[in-house]
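Right, one structure below, let's go through it.
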Amino acid sequence: MYRQGDVLIERAGKRERTDLTDERLLVRGEGRNHGHFITGDNVVISVAADGELTSGGGIVTHYLEVSEPCTLEHKLIDAEAWTGEHAPITIPPGTYRVIRQREYNPYAKAIRAVKD
């Protein structure tokens, strides 16, 4: 399991390849020009179905099939330069799901996406 800001990447079972994409931006940050990108040549990216949630309520955004190590990086969207906010994370070969985490605010009695 790998976590970077509001993104969680966890192992998943093999699945049928549907909704393939070349887009490397997995999760866009709120209000600022940054996002979480996957880099590397040997990764197949599938977009998850709209509204797909984990049993814990996390929002599934993508599935990754990694055949050689790739990297999760926090970069500026326009310049694709490292933000310095989160260190890059190496993701080893395997099948993963990408989850945008949610949190419960007991004061507001509401669940919201974690903001990075």
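The values are calculated or read from the model by the stated rules, or taken from the named source; none is laboratory data. Quick caveat: nothing in here was measured; it's all calculated off a predicted structure. Here Cβ is always computed from backbone atoms with ideal geometry, including for glycine, and neighbour counts include all displayed protein chains.
Annotations
- Residue check: V114 meets all listed conditions (1) in contact with an Asp or Glu (Cβ under 7 Å, 6 or more places away or on another chain); (2) modelled with pLDDT of 90 or more but one, namely (2).
- When V27 is tested against (1) within 19 Å of I89 (Cβ to Cβ); (2) assigned to a loop (DSSP other than H, G, I, E, B); (3) β-branched (V, I, T), just one condition goes unmet, and that condition is (2).
- Here the condition is being touching a Gly at 6+ places or on another chain (Cβ under 6 Å) and not in a loop (DSSP other than H, G, I, E, B); of I38, I45, I99, it holds for I99 alone.
- Between L25, L64, the distinction of being at pLDDT 95 or above and in contact with a Phe, Trp or Tyr (Cβ under 7 Å, 6 or more places away or on another chain) belongs to L64 only.
- Among the residues of the stretch 50-83, those that are under 18 Å from T95 (Cα atoms), touching a residue at least 12 places away in the same chain (Cβ under 8 Å) and assigned to a loop (DSSP other than H, G, I, E, B) comprise T54, G58, S67, E68, P69.
- Single residue of the stretch 1-30 satisfying the filter (of a type in the set (D, E) and over 10 Å from the mean Cα position of the chain (by Cα)) that is nearest to N42 (Cα to Cα): D22
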